[in-house]
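Please read the structure below before turning to the comments.
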Amino acid sequence: MIKWVESRLRVGGWARKGLNKIFPDHWSFLLGEISLFTFVILVATGIFLTLFYRPDATPVIYDGPYLPLKGQEVSAAYESVMRLSFEVRAGLVMRQIHHWTAIVFVAAVVVHMLRVFFTGAFRRPRELNWLIGVGLLIFAIGMGFTGYSLPDDLLSGNGLRIAYSVMLSIPFTGPYLASLIFGGEFPAEAIISRLFVMHIMLLPALIIGLISVHLAILVRQKHAQFRGPGRTERNVVGKPLWPSQTFKSLALLFLTASVMAFMGGLLQINPVWNYGPFKPYITSAPSQPDWYVGWLDGGLRLFPGWDINLFGITIAAPFIPGVLVPGLLFTFLALWPFLEARWTGDRAEHQLLDHPRDMPLRTAIGAAGIVFFTVLTLEGGGDVLSITFDIPVEAITNFFRVALFVLPAAAGMLTYRICENLQGTDIHPFRRARGVRLRRTREGGFEEV
Amino acid sequence: MTRARRVAAVLLLAVPATAGTKIVASAARGQDTPRRYTQSEVEAGRKLFQAGCASCHGEDGEGGLGPDIREAGAAAAHFQITTGRMPLADPDAQAVRKEPAYSDTQIDQLIAYVASLGNGPAIPTVDLSGTNLSTGAEIFIANCSPCHGATANGGATGRGSLAPSLHPSEPVIVAEAMITGPGQMPNFGFDAATRNEIIRYVRFLQARPNPGGADLGGIGPVPEGFAGLAIGMGALVLIALFIGKGRAHARGGVES
């Protein structure tokens, strides 16, 4: 059989080389694999959901088994999600696995990216893969948002309304752009089917394409590795793809799937039947997007309602926190490898990774960035924090308005100092120091054992 | 009315009754027959009122630090006192549900006195027979969930006030809130039939029907995101730590 294939395709040499590809031993190198495997689970459960979902805003009368909605007018899309949840066998658990996996997928992408950032794995020659990674993050967030909007429930409808308003706020082109994308004025009926095309075709195609390039570049450039005995800029030390890494990855795939199945089976997520069908004149509270859009929502909540007038042009309030700042942040993120190379003047190739403590400025900026996004994300849930901790919601917003600038600066400075203090030592910041074993000598002195 | 429905109605009426209140069942749905209070109840209530309430609401309920309550009626008095919201220690704080400060008899006396001050609304009758869950759900989602949340778990309404969870509220309390509009809540002016529809759905939510598993508080994507990051991502990082441990005996390799 192998001979039959080999005699026709002549891939033996190529395959042997591939099977011997070396994977360095470090748990953080598995974060990218987790992102990949959660995406695989998303595709698998997503195909199942596609079989039953109807991307159609036509009003129908709900006549299913969920009594509180019986007889109400809902869209065909919402009705199909209700049917999926209550009538299709295993439909609800599939929906829940899909949604939980989406939440974890973006988280895995972010954590993978943080590892690459803090260890300097984006430096030459890997700038291209960093750029692709930033693209993948943006498309992953886009996947999440379009998927969140598909059920056409009250909560997701409010999210779409915010997206529409943010688009409207873009100077000059906003109204045209919003009208073009939504197919008319909000709530336009065309948007559901357009979101569906984006969610199941356009974005997955982009993500699969970029993942392929991402991995092809990884194989071509080989893995970076941490410093260690026998590891140089000219080699990669680790385990080969076959058999060692294959079984590790398979184990990781199955365990990832089981964690997602566990969550989907036991924890309720996005109960659209509680929110009810979307109606343009109703909003519900508390109303939030999924976590990876929370920072955008937080920015909108944080920014004062200033409509800025510049030379007779009005810049509507949502533009700055909704378009300008996120745009600048992602540009900064994408250009980071080039900015850093410019500041450090280091344009050499690097196969050995940095210890975060050895690059204190980068580590400090990364820490500040994490705190910045965390503050925005928390503000996105400001009203939930308000009821949970019994603090007025305005007080929370005012606190975060100050904290958005103070806390990242403080976190950055603290991180910088910690890095400086750890430099030149091999102390692990989260583990107890191992210490040195001493022996008392006959003469009364001490020596290391 | 079928027998089953009648039994259900009696059972539902028994709920507020066990909560220490006397409800007079009205014959026709949608009509509240005011309960007659005796003169001695009113008199006893007046004494209690002057000791515990007059410092804010005035000697004769005409108001002062607190609002004028002469037209508040038995419905508002019953709502505020049985849920422990009144008396309130700090007039600037939002009244929240706590243990009532008075015994059942004293509460009746206070209600009798407040009811005698004017022509305020009587304690409403809740009758869920003939109500439709779907009608109630639709009205609730449009009118109540913007503040109390889609699962009636409560929400923040701004300026330091919050819409409480409706899960501990007996049906008659929910009805009284709709009639009297306590605190920041508007008086919705629903008729009795509409109120009953809404209460039907509130009782459905109170039973916490949770298809799909544990509801994580029923307040949407914030706890969901937290669970996804802490449980989901947390478990996967632990798994990566476990799998990623290099096994010394495995055949290693070097690639250059």
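Starting from the Kirkwood radius over alpha-carbon pairs of region A:167-220, derive D by Stokes-Einstein at 37 °C in a medium of 0.692 mPa s and give it in µm² s⁻¹.
Result for D is 248 µm²/s.
Using a 1.4 Å probe and counting only protein heavy atoms, how much accessible surface gets buried when A and B come together, both sides summed, in Å² to the nearest 100?
5200
What order, most packed first, do the peptides A:373-384, A:356-367 have when packing is the mean number of other Cβ atoms within 10 Å of each residue?
A:373-384, A:356-367
Beyond 20 Å, what share of the Cα-Cα pairs of region B:126-208 is found? Please give it as a whole percent.
Above the 20 Å cut-off, region B:126-208 has 23 percent of its Cα pairs.
If a helix is a whole DSSP H run, which ones in chain A reach 24 Å or further along their own axis (Cα) and hold a mean Kyte-Doolittle hydropathy of at least 0.0?
A:31-50, A:91-118, A:127-149, A:203-221, A:246-266, A:325-344, A:360-380, A:393-422
Using +1 at the Cβ of each Lys and Arg and -1 at the Cβ of each Asp and Glu in the protein assembly as shown, identify which of B:Thr83, A:Gly12, A:Gly264 lies farthest towards the dipole's positive end.
Sorting the options by dipole projection puts first A:Gly12.
For region A:126-234, would you read off the P(r) tail past 18 Å as a percentage of all alpha carbon pairs?
The proportion of pairs with Cα distances above 18 Å equals 62 percent.
Going from the alpha-carbon gyration tensor of region A:1-103, what semi-axes, largest first and in whole Å, does one get by taking the root of 5 times each eigenvalue?
Values for region A:1-103, descending: 46, 19, 10 Å.
Which loop-located trypsin sites (Lys or Arg not before Pro) does region A:390-449 contain, where loop means any DSSP state but H, G, I, E or B and the Cβ has at most 16 other Cβ atoms within 10 Å?
Those satisfying the criteria are A:Arg431, A:Arg432, A:Arg434, A:Arg437, A:Arg442.
Remind me, relative contact order of chain A in percent, using alpha carbon pairs under 8 angstrom and six or more residues apart?
20
At 4 °C and 1.567 mPa s, grab the translational diffusion coefficient of region B:154-256 from Stokes-Einstein with a Kirkwood Rh over Cα pairs, rounded to a whole number in µm² per second.
70
Let me know the charge dipole size of the protein assembly as shown about its Cα centre in debye, to the nearest 20, where only the beta-carbon of Lys, Arg (+1) and Asp, Glu (-1) is charged.
Approximately 3740 debye in magnitude.
Which loop trypsin sites (Lys or Arg not before Pro) in region B:146-214, with loop taken from DSSP, have no more than 15 other Cβ atoms within 10 angstrom of their Cβ?
For trypsin sites (Lys or Arg not before Pro) across region B:146-214 that sit outside H, G, I, E and B with at most 15 neighbouring Cβ atoms in 10 Å, the list reads B:Arg159.
Once all Cα-Cα distances of region A:230-281 are split into 5 Å bins that start at 0, what whole-number percent is in each one?
Histogram of Cα-Cα distances, whole percents per bin: 4, 14, 11, 11, 11, 10, 9, 8, 7, 6, 4, 5, 2, 0.
Determine the sum of side-chain charges near A:Phe303: Lys and Arg each +1, Asp and Glu each -1, restricted to other residues whose C-beta is under 13 angstrom from that of A:Phe303.
With Lys, Arg at +1 and Asp, Glu at -1, the net is -1.
Mind jotting down a quarter of the surface of the convex hull over the alpha carbons of region A:300-449, in square nanometres, one decimal?
It is 16.0 nm².
Enter the mean number of other protein chain beta carbons within 10 Å of the beta carbon of each residue in A:239-245, as an integer.
The mean count of partner-chain Cβ atoms within 10 Å per residue comes to 3.
For region B:126-208, calculate the relative contact order in percent as a whole number, restricting contacts to Cα pairs under 8 Å that are 6 or more residues apart.
38
Can you give me the % of accessible surface on the protein assembly as shown that is carbon or sulfur? Probe 1.4 Å, all protein chains present, nothing else counted.
64
Do any trypsin sites (Lys or Arg not before Pro) in region A:186-265 lie in a loop, going by DSSP, with at most 13 other beta-carbon atoms within 10 Å of their beta carbon, and if so which?
In loop regions of region A:186-265 (DSSP not H, G, I, E or B), the sparsely surrounded trypsin sites (Lys or Arg not before Pro) are A:Arg227, A:Arg234.
Which of the listed residues, A:Leu352, A:Ile192, A:Ile315, is farthest toward the dipole's positive end in chain A, when Lys, Arg count +1 and Asp, Glu count -1 at the beta-carbon?
Positive-most Cα among the choices belongs to A:Leu352.
Using a 10 Å cut-off around each Cβ of peptide A:139-152, what is the average number of partner chain Cβ atoms that fall inside?
0
Per residue of A:61-71, how many C-beta atoms from partner chains lie within 10 Å of its own C-beta, taken as a mean?
Averaged over the peptide's residues, the number is 4.
Show me, for region B:54-65, the HN-Hα J-couplings you get by feeding each phi into the Karplus relation (A = 6.51, B = -1.76, C = 1.60, θ = phi - 60°), rounded to Hz, glycine and proline as x.
For region B:54-65, the Karplus curve yields 5, 4, 9, 8, x, 3, 10, x, 7, x, x, 4 Hz.
Below 25 Å, Cα to Cα, which lysines can A:Lys17 reach? Residues fewer than 8 away in the same chain don't count.
Candidates past the 8-residue exclusion: A:Lys3, A:Lys222, A:Lys239, A:Lys248, B:Lys245.
Sort A:306-319, B:123-136 by packing, meaning the average of other beta carbons within 10 Å per residue, with the highest value first.
With the highest mean Cβ count within 10 Å placed first, the list reads B:123-136, A:306-319.
Could you tell me the relative contact order of region A:277-343? Use alpha-carbon pairs under 8 Å, at least six residues apart, and round to a whole percent.
Over region A:277-343, the number comes to 21 percent.
Can you give the Rg to Rh ratio of the protein assembly as shown, both from alpha-carbon atoms, with Rh computed by the Kirkwood formula?
Ratio value, two decimals: 1.07.
The values are calculated or read from the model by the stated rules, or taken from the named source; none is laboratory data. Keep in mind it's a predicted model, so treat the numbers as computed, not measured. All Cβ positions, glycine included, derive from the backbone under ideal geometry; neighbour counts span all protein chains shown. Keep in mind that these areas ignore ligands, DNA and RNA; they rest on the heavy atoms of the full protein, side chains included. Shrake-Rupley method; radii C 1.70, N 1.55, O 1.52, S 1.80 Å.
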